[in-house]
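Shown next, in structure tokens, is the structure this report addresses.
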Amino acid sequence: MILVTGGAGFIGANFVLDWLGGCDEPVLNLDKLTYAGNLHNLTSLEGDARHVFVQGDIGDRALVESLLARHQPRAIVNFAAESHVDRSIHGPEDFIQTNVVGTFRLLEAVRHYWKALPATEKEAFRFLHVSTDEVYGSLAPSAPAFTEEHNYEPNSPYSASKAASDHLVRAWHHTYGLPVLTTNCSNNYGPLHFPEKLIPLMIVNALAGKNLPVYGDGMQVRDWLYVRDHCSAIRRVLEAGKVGETYNVGGWNEKPNIEIVKTVCALLDELRPRADGQSYSAQISYVTDRPGHDRRYAIDARKLERELAWKPAETFDTGIRKTVEWYLANPDWVAQVQSGAYREWVAKQYA
Ligand code: NAD
Ligand code: DAU
């Protein structure tokens, strides 16, 4: 069994579905079910004994210790985090609590569990920490992409909290020998993405006839990776990564935000044309910039490609088309996450 934290969120749920779609090793899924966690992401696993869900906090050491003792996982993949930069600017407290204090408590519970394992299990055990390219800070327009050796220069409360968690993970390896792996990935997109993030927000707003808010001049650059390619990278690192190493994950798809928004509009124009015949791009509206907005991220993923023979399966063109098609095919999912109905459902399930 593996323990996945944050497995009801965007990437975590895709990972759990991908994992159980490819093998029969059970998953223990520990998720607090914040606004971003949604068990409806996992309805296809209802009644599947390979998926054990527990609602709880990675910072609840007693709970984590009891889960580890009971289920004896051979590995942990830590997705659980507060993940949205704008929310971190307006309210950093939860980011410090979960991303820093929560990761610390999780590491402590895991360290004590790992220390007591028999030698063979101890040797094989892995703690994989899922992190972000944002810890490296912002790149100048012509600077080379981030390698694993790039300095940590986080600029937002979110990225600072993720950088702190990466450092804790590194220290727990260096000091206590905990067998850790860290992945630093670029911007993900795909099915189940909460519509507060750029791509799903643009799709959902466009279809609702609302403005498409582009921050500042829209020329900030992000490097986009289809979520299932991130999942395959994590699987590969878990299986063959060198203990103590970090691996950058990215799709070599650097694009300015405005190009992303126009691509989404063009796909919607083709797949669900507006009734008045105009392009959805007429809804684009330039708005006040995000404070401290990082100008450019770009990931150099050559270490992962060279050492672990990982390659993404999707290009940006194939991935973004699949994504727009998924949102068009799943209006109920969108309505539900927007209405908060899923939260009421969770309250009933876990009363
Ligand atoms: P998300 O916000 O969609 O999901 C986070 C999940 O963690 C939710 O299900 C939430 O309920 C759960 N959670 C939050 N606090 C918790 C706690 N204290 N205990 C247990 N569960 C808790 O986030 P995401 O986009 O799926 O990101 C997952 C991870 O990947 C994060 O660590 C994030 O930093 C990292 N990451 C994300 C991206 C991206 O583009 N989305 C890119 C690189 C790295
Ligand atoms: O780089 C990896 C990171 O990508 C992850 O670590 C984060 O968890 C994830 O949220 C994401 O962070 P970003 O801040 O890059 O993602 P977001 O979708 O919020 O914004 C993408 C870009 O689009 C960013 O430059 C801000 C801009 N933007 C965003 C929104 C929501 C807009 O212009 N308008 C918007 O309404």
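The values are calculated or read from the model by the stated rules, or taken from the named source; none is laboratory data. Quick caveat, the model's predicted, so the values are computed rather than measured. In this analysis, Cβ positions are derived from the backbone assuming ideal geometry, glycine residues included, and neighbour counts consider all displayed protein chains. Calculation scope for accessible area: heavy atoms of the full protein, side chains included, ligands and nucleic acids excluded. Shrake-Rupley method; radii C 1.70, N 1.55, O 1.52, S 1.80 Å.
Extension gain, residue 308 to residue 338, is 6.9 nm, computed as 0.36 nm per intervening residue step minus the present C-alpha separation.
Cross-link partners among lysines for residue 348, C-alpha distance below 18 Å, same-chain residues fewer than 8 apart left out? Straight-line reach from residue 348, under 18 Å: 32.
For a 20 Å ceiling on Cα separation, which of these pairs sit above it: 210/255; 255/303; 255/322; 162/322? Violating the 20 Å Cα-Cα cut-off are 210/255; 255/303; 162/322. Using the Karplus curve 6.51 cos²θ - 1.76 cosθ + 1.60 with θ = phi - 60°, what ³J(HN,Hα) values do you get for each residue of segment 144-149, in whole Hz, with x for Gly and Pro? Those phi angles translate into x, 4, 4, 9, 5, 8 Hz. Considering only beta bridges that DSSP places wholly inside the chain, some 10 percent are antiparallel. Label point of residue 289 set 7 angstrom out along Cα-Cβ; within segment 89-124, amide nitrogens under 19 Å from it belong to 89-90.
The share of alpha-carbon pairs in segment 69-126 lying farther apart than 18 Å comes to 46%. In the chain, the portion of solvent-accessible area held by carbon and sulfur atoms comes to 52 percent [1.4 Å probe, whole percent, DNA, RNA and ligands not counted]. Counted by Cβ distance under 11 Å from residue 279, the other residues give a net charge of -1, where Lys and Arg count +1 and Asp and Glu count -1. Globularity index of segment 121-177 is 1.35 (Cα radius of gyration / 2.2 N^0.38 Å, N = number of residues). Each of 335, 320, 23 was placed along the dipole of the chain (beta-carbon charges, centred on the mean Cα), and the one lying farthest toward the positive end is 23. For the chain, the longest principal axis of the alpha carbon atoms and the long axis of helix 157-176 meet at an angle near 20°. Kirkwood radius and radius of gyration were both taken over the C-alpha atoms of segment 44-94, and their ratio Rg/Rh is 1.07. Sparse packing (at most 15 other Cβ atoms within 10 Å of the Cβ) combined with a DSSP loop state is found for the following GluC sites (Glu not before Pro) in segment 38-118: 46. Remark: the residue 207-residue 279 segment gains 24.8 nm on full extension, using 0.36 nm per residue and subtracting the alpha carbon distance.
Placing R0 at 56 angstrom, the Cβ-Cβ distance between residue 325 and residue 119 gives a FRET efficiency of 0.65 after rounding to 0.05. All other residues whose Cβ lies under 11 angstrom from that of residue 77 are scored, Lys and Arg at +1 and Asp and Glu at -1, for a net of +2.
Percent of C-alpha pairs per 5 Å bin in segment 86-227, short distances first: 2, 8, 14, 17, 18, 15, 11, 7, 4, 2, 1, 0.
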